[in-house]
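Written below as structure tokens is the structure these notes are about.
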Amino acid sequence: MTGRLGRATGWATKAAIVGGYLYFFPYFGHLRNPNENVRVYMVLSIVDHHTFALNQTISEEGYVDDRATNRSHVCSGRQRVEPCTYSSKAPGTSYLGVPVYLALRTAYAVFGTTPDLAAGTYFLRLFCIILPSLLFVWAFFQFLCRYLQGDFERWLIVGTFALGTMSYTYAHEFVGHQLAAILAFGSFVLVERAHREGDRWATLAAGFAAGYAAITEYPAILIVPIVAAYAAARLRGRVPAPLAVFGAGLVVPATLGMLYHQVCFDSPLRTGYSMLANPAYARFHSVGVFGIATPTLSAASYSLLSPARGLFFFAPFLLIGLVGLVMLWRDGRRAECTLTTAVVSVCVVYQSAVNPDIGGWSIGPRYIVLITPFLTFGAAACLEHFRRRSFWYLYGAAIPLCMLSVAFTFLSTVVFHTFPPQFTNPFYEWILPLMRMGYFNNSLGTWIGLRGLWSALPGLLPVAVMMLLFCLGPAAADRPQRLARAAAAALIASILLTALSHLQRFDSAEKDAEFSRLARLWEPQPVTGEALTAARRRADDLPTDPDAEADFAWLLARTGQWQLALDRYARAAGALNQSDPRRSDR
């Protein structure tokens, strides 16, 4: 029984992770996500126009924000002569997208066409972010085998990391956050490999990974000296001149980053944030140094604990990772503990010093996505420490927190994948109401014409099975005991889920207006045009039938046409009153 349940948990976790990453495509073209689109535009500009300047791509694809304008450069675009516009973001993600988009353009050319922006974005996400993320999850599982012995605990940790943290959310955007996290933790893993095997090439690769993380997401530059110091100390006597070898690995990514800055902003050390075109963004970044000021407790609390954007609110299982840092030290793994603690501390201090308005629409504090694998590593150490000491830590804390993490982050991502800032408790105020109304974002299901819950169900079911098996726990006890413990874990999770729904919630006209606005613009609409047309025809043909009017009003409400829906409900009430006054009174 133990073997069968363990294999089932493993296979269910693999299916949930692969399905979760490959089935869903959260995308809203009308929102024109600036964080993603400006990177996509840079890829298109390099391949189509052989330049870093975005001007011609903007004239073809439309407006994009998060851009920097260098008024000393002249380009052609919508106007014959205008200042050159560039991506203000770190260039690493876009560099990776160039060969992908070049291959995509070549494939489309065979059929005499070109990919549109949505198709280009999909394939850039797939090959530059999603597939590397899946490979990283596999490598992460292998890495944890040295630190966590229990099979169930490893699947619990890896499944929750893959689907229940910001790593899942930002694996579904062509941005730098997830890629930087993969590279930063990968650098640590490569240093550990060099420590075990005395491998100079692994040390060189660790330097390259750390350097590329820095040119993929600028805050990752804070991690480079930490990992370099770790490599120098960890590899002393194992690899000749480890710091020099690590530094040699930094050369190529540093050169690529400085080349971009020199060409676009006239200095290898000047970034696009010094030339932001959007006055509001420029004002946010003018505080301190590019928006980085003195750390504050209020900013830390908002970024870590608030239901609006808190790291530990949306991935509460990462709290176990904080305990795990202590367990690493107590269990004698002090080098790993020191590195992980340093990375987490530096990133939290950085996030606490950033102007909160800069983060924009996001799930969690996106500037510190790169700490999620490090805290997950700490959580693995915590589970290993308590694994044979007591089962209640697993059913009373770890499993319920993992279930909440997957519910909050996974569902938020597949429904909308970002939060409007008007909502103070967006999972309960925004995501759950949308789900109840049948609003689910793009997926393979919507591609074949399904809408609402039916479109998302094939991707949701494997995750539901995984969570059920997580709740059952390891098959170390007899069935009655295991079921009783699973019931306790589910009860604790449900109590926490209910309690958290009451945090920082209040009604406001601004929230209602934003909800209505975005529902009207939903992609894809949860109600097909055919269904809406059929309901309108039935209501028009049967003007005295209250059920026909009510059905049509319900479909209008689901498409966000609130005023029309209210008018039709009023007509339904009038028809009901005429047909049966007693039913109307009720």
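Please treat every number below as a calculation from the coordinates, not as lab data. From a predicted model like this one, the values you see are computed outputs, not experimental measurements. We place every Cβ from the backbone using ideal geometry, glycine too, and count neighbours over all the protein chains shown.
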Quiz prompt | Of every Cα-Cα pair in the chain, the percent that sits beyond 44 Å | solution = 23
Self-check item: Per-residue HN-Hα couplings for the stretch 82-91 [Karplus 6.51, -1.76, 1.60; θ = phi - 60°; Hz; x = Gly/Pro]
Solution: 8, x, 6, 10, 10, 6, 7, 7, 4, x
Quiz item: Given the rule -39500 (n - 2.57) for each run of at least 4 DSSP H residues, summed and divided by the residues of the chain, what is its mean residue ellipticity at 222 nm, to the nearest 500 deg cm²/dmol?
Solution: -20500 deg cm²/dmol
Self-check item: Per-residue Cβ neighbour rank within 10 angstrom, fewest leading, TRP522, TRP11, TRP155
Solution: TRP11, TRP522, TRP155
Quiz prompt | Hypothetical label at LEU444: residues of the stretch 113-131 whose amide nitrogen lies under 17 Å (7 Å Cα-Cβ projection) | solution = 122-123, 126-127, 130-131
Practice problem: Just subtract the alpha-carbon distance of TRP201 and ARG389 from 0.36 nm times their residue separation and send over the number in nm, one decimal. | Solution: 63.7 nm
Quiz item: If you rank PHE24, PHE140 by fewest surrounding Cβ atoms within 10 Å, what's the result?
Solution: PHE140, PHE24
Exercise. Using the 4.7 Å Cβ rule, please list in number order the cysteines from the chain without any candidate partner.
Key: CYS128, CYS145, CYS264, CYS337, CYS347, CYS382, CYS402, CYS471
Quiz item: Which of MET467, GLY310, GLY396 sits farthest toward the positive end of the charge dipole of the chain, with +1 on the Cβ of Lys and Arg and -1 on the Cβ of Asp and Glu?
Solution: GLY396
Exercise. Calculate the length of the line joining the C-alpha centroid of the stretch 435-471 to that of the stretch 136-207, in whole Å.
Key: 27
Quiz item: For the stretch 488-550, with only Lys/Arg (+1) and Asp/Glu (-1) charged at the beta-carbon, what is the dipole magnitude about the Cα centre, in debye rounded to 20?
Solution: 260
Quiz item: Considering only GLY198, ASN441, LEU297, whose Cα is most displaced toward the positive end of the charge dipole of the chain, charges sitting on Cβ of Lys, Arg (+1) and Asp, Glu (-1)?
Solution: GLY198
Self-check item: Using θ = phi - 60° and Karplus 6.51 cos²θ - 1.76 cosθ + 1.60, couplings along the stretch 501-514 (whole Hz; Gly, Pro as x)
Solution: 5, 9, 6, 6, 10, 7, 7, 7, 5, 5, 5, 4, 5, 5
Quiz item: Karplus couplings for the stretch 118-134 from phi (6.51 cos²θ - 1.76 cosθ + 1.60, θ = phi - 60°), rounded to Hz, Gly and Pro as x?
Solution: 5, 5, x, 4, 4, 6, 5, 4, 4, 8, 9, 10, 5, 5, x, 5, 5
Quiz item: How much length, in nm to one decimal, is gained on full extension between ALA509 and SER72, taken as 0.36 nm per residue of separation minus their Cα-Cα distance?
Solution: 152.8 nm
Quiz item: Using a simple spin-label model with points 7 Å from Cα along the Cα→Cβ vector, what separation in nm is obtained for PHE111 and GLN422?
Solution: 3.9
Quiz item: If you rank SER298, SER88 by fewest surrounding Cβ atoms within 10 Å, what's the result?
Solution: SER298, SER88
Exercise. Quick one: grab the alpha carbon gyration tensor of the stretch 400-449, order the square roots of its eigenvalues as a ≥ b ≥ c, and give me rounded if a/c is under 1.5, else prolate or oblate depending on whether a/b is larger than b/c.
Key: oblate
Practice problem: Work out, step by step, the length gained on full extension between ALA15 and ASP567: first 0.36 nm times the residue separation, then minus their alpha carbon distance; give nm to one decimal. | Solution: 194.1 nm
Quiz item: Amide H of SER443: which non-local residues (sequence gap of 5 or more, or other chain) have their own amide H closer than 5 Å, using H built in the peptide plane?
Solution: PHE25
